[in-house]
Amino acid sequence: GFHIGTAVAGGGHHETMPYPDPFTSDQPYRAVLAAEFDSVSAENQMKWEYIHPERDKYNFGMADAIVKFAQRNRQVVRGHTLLWHNQNPAWLTGGTFTKDELRSILRDHIKTVVGRYRGKIQQWDVANEIFTDSGQLRTTENIWIRELGPGIIADAFRWAHEADPKAKLFFNDYNVESVNAKSNAYLALIKELKAQGVPVDGFSAQSHLSTRYGFPGDLETNLKRFSALGLETAITELDVRMDLPADGVPTAAQLAQQADYYNRTLTACLAVKGCDSFTIWGFTDKYSWVPVFFQGEGAATVMWDDFAKKPAYYALKETL
Ligand code: XIL
């Protein structure tokens, strides 16, 4: 029942990336994707701005292709994501809608997207990054919470559950690997929602780590707090970035530290009952989002640009 997954590259804000879509045009990429993983997540292809580019127009092409690929290769799929403050289309964020309109826009979107893949998605990241690092709801950045109030979060889970009763529904965030203000906020919210009968099934830690910082050594302890509530947990977006030396080539010591972080994340997940899904955010540096988003950092995945394996790959393989 344990799944090892990766994000499927493409559709992002990789303005600086000189490649055509990896999933459709890079055959060696597809071969590794099929061979090494039994779970896939759409890196961007199921996000609002991608899948719902105009109010009355959906763009299902890539999401359909990923789901089909997964079925052909006997992989499960993680859906990402339905309620988020980022990567929303301009028609939504710049539009003028009444509260009733906005509510039905979200409801229709969830019913349409989740319903389309009913029975084919194992886990959905229903709500993504709803809290700040200090544990406050993102009441200004998140259009749904700002306009409709925090109750919309429970509604999103209810609508997703109606659209696909078998999909496991998750809260997903970064900087929640440790016991801290943000993960505490999730614990409290999820307790409250469960008490109200809201269909929440899981809590996941993205795990975008950096060797600049120490490893979140209480990851296992933290996840266990959620599994004690009867929840599933997951690692959903693991990568371990590092400061690139001037020549761009990581040192052996950096690669060893990275391998250690990958290994400890997997080890923590394996030690937690109900942590059955472990996903890395891309498997090759060739298409990693890290150098685009974190200045001076990179080399965050388990394979080099040519798919040669780094120590981190072997560390995971050994632990599995
Ligand atoms: C990132 C993608 O990897 C990029 O391609 C895109 O341009 C921006 O988003 N948290 C999330 C993911 O939940 O959706 C983000 O993915 C990384 C941070």
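Within the set Arg158, Arg146, Arg116, the sole residue that is of a type in the set (Lys, Arg), more than 15 Å from the ligand (Cβ to nearest atom) and within 16 Å of Thr81 (Cβ to Cβ) turns out to be Arg116.
To keep it simple, each residue is scored yes or no on (1) under 17 Å from Gln206 (Cα atoms); (2) part of a loop (DSSP other than H, G, I, E, B).
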{"residue": "Tyr261", "(1), (2)": "yes, no"}
{"residue": "Leu266", "(1), (2)": "yes, no"}
{"residue": "Cys269", "(1), (2)": "yes, no"}
{"residue": "Val272", "(1), (2)": "yes, yes"}
{"residue": "Phe278", "(1), (2)": "yes, no"}
{"residue": "Lys286", "(1), (2)": "no, no"}
{"residue": "Val292", "(1), (2)": "no, no"}
{"residue": "Thr301", "(1), (2)": "yes, yes"}
{"residue": "Phe307", "(1), (2)": "no, yes"}
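When region 37-57 is examined, which residues are found to be within 15 Å of the ligand (Cβ to nearest atom), among the hydrophobic types (A, V, I, L, M, F, W, C) and more than 12 Å from His109 (Cβ to Cβ)? Within region 37-57, Val40, Ala42 qualify.
Pairs are defined by a Cβ separation below 9 Å, a sequence spacing of at least 6 or placement on different chains, a first member in region 184-197 that is among the aromatic types (Phe, Trp, Tyr), and a second member that is outside any helix (DSSP H, G or I); the pairs so defined are Tyr186/Ile130; Tyr186/Phe131; Tyr186/Gly135; Tyr186/Phe171; Tyr186/Asp173; Tyr186/Val176; Tyr186/Phe203. Against the conditions (1) in contact with a Phe, Trp or Tyr (Cβ under 6 Å, 6 or more places away or on another chain); (2) assigned to a helix (DSSP H, G or I); (3) not hydrophobic (A, V, I, L, M, F, W, C), Ser204 satisfies every one except (2). Being in a helix (DSSP H, G or I) and surrounded by fewer than 19 Cβ atoms within 10 Å (Cβ to Cβ), is that true of even one residue in region 232-250? No, region 232-250 contains no residue that is in a helix (DSSP H, G or I) and surrounded by fewer than 19 Cβ atoms within 10 Å (Cβ to Cβ).
Taken together, Phe171, Phe215, Phe157 contain a single residue that is buried (at least 23 other Cβ atoms within 10 Å of the Cβ) and within 30 Å of Ala299 (Cβ to Cβ), which is Phe171. In region 212-223, of all residues being assigned to a helix (DSSP H, G or I) and within 20 Å of the chain's Cα centre (by Cα), the one that is nearest to Gln254 (Cα to Cα) corresponds to Leu219. You will find that of Val67, Val76, the residue that is more than 16 Å from the ligand (Cβ to nearest atom) and touching a residue at least 60 places away in the same chain (Cβ under 8 Å) is Val76 and no other. Once region 1-20 is narrowed to residues that are within 12 Å of the ligand (Cβ to nearest atom) and modelled with pLDDT of 80 or more, the residue that is surrounded by the fewest Cβ atoms within 10 Å (Cβ to Cβ) is Gly12.
The values are calculated or read from the model by the stated rules, or taken from the named source; none is laboratory data. Predicted model, so just to flag it, every value in this text is computed and none were measured. Using ideal geometry, Cβ is built from the backbone for each residue, glycine included, and neighbour counts are taken over all protein chains shown.
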